[in-house]
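Only one structure is covered here, and it is reproduced in the block below.
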Amino acid sequence: MQPKQQRALELILAGHSVTDIASQVGVRRETVWRWRNDPSFASQVSIRQAQRRQSIHDELDAGVIESVRMLRGLVADTDAPPGARVRAATALMDRAGLTPAYAVEVRHKAEHAQQQATEQAFKDPQDMAREILAVLPQVLAVLPRDEVEAVLNDLPRFM
């Protein structure tokens, strides 16, 4: 690639107009248009644009990772002011797509499930007995008769 084409390539990558490129390189606009339509030159433009996009993407990725580490460090820093720690935690949650309301909802669901399990464990014995009696015909229908009779014979006689 000639030095003028190399300079034109750099100006294209920098976003300059065809008129500006022609002026800075010292050629006519038609020459810049011809270079742009040349497969070899266009290929170089595409390759360099892809490399530039990748470089920018890599820098952004590194910045995101560094930012997340910094925020996580601030959240864990017990010497940091509580307000700063909360703002850092909120920023992390926001970036992850989690809102404080989501965290409260998850905690509420867990507490509700625990409460239901506890209530089930301390259910009224009479209600439990009624539930057992309600399903007893279904149990008797699926168990072998001798097994049912053995269990019934082991029950104390209350009636």
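Where a number appears in this text, it was derived from the coordinates with a stated rule and is not lab data. Fair warning: this is a prediction, and the values are worked out from it, not measured in the lab. Positions of Cβ are backbone-derived with ideal geometry, glycine not excepted, and every protein chain shown enters the neighbour counts.
Data table
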| read-out | value |
| --- | --- |
| Trypsin sites (Lys or Arg not before Pro) restricted to segment 128-159 and DSSP loop, no more than 12 other C-beta within 10 Å | Arg157 |
| Segment 17-108: trypsin sites (Lys or Arg not before Pro) falling in loop per DSSP and having at most 16 other Cβ within 10 Å | Arg28 |
| Which of Leu92, Leu9 has the fewest Cβ neighbours within 10 Å, and the rest in rising order | Leu92, Leu9 |
| Fluctuation leader among Asp20, Asp94, Asp77 - the chain, Gaussian network, Cα springs under 10 angstrom | Asp20 |
| Identified option (computed volume of the Cα convex hull per residue in Å³; candidates (i) 182; (ii) 157; (iii) 342) | (iii) |
| Order of Leu11, Leu136 - criterion: other Cβ atoms within 10 Å of each residue's Cβ, fewest first | Leu136, Leu11 |
| The chain: calculated mean residue ellipticity at 222 nm from DSSP helix runs of at least 4, using -39500 (n - 2.57) | -27000 deg cm²/dmol |
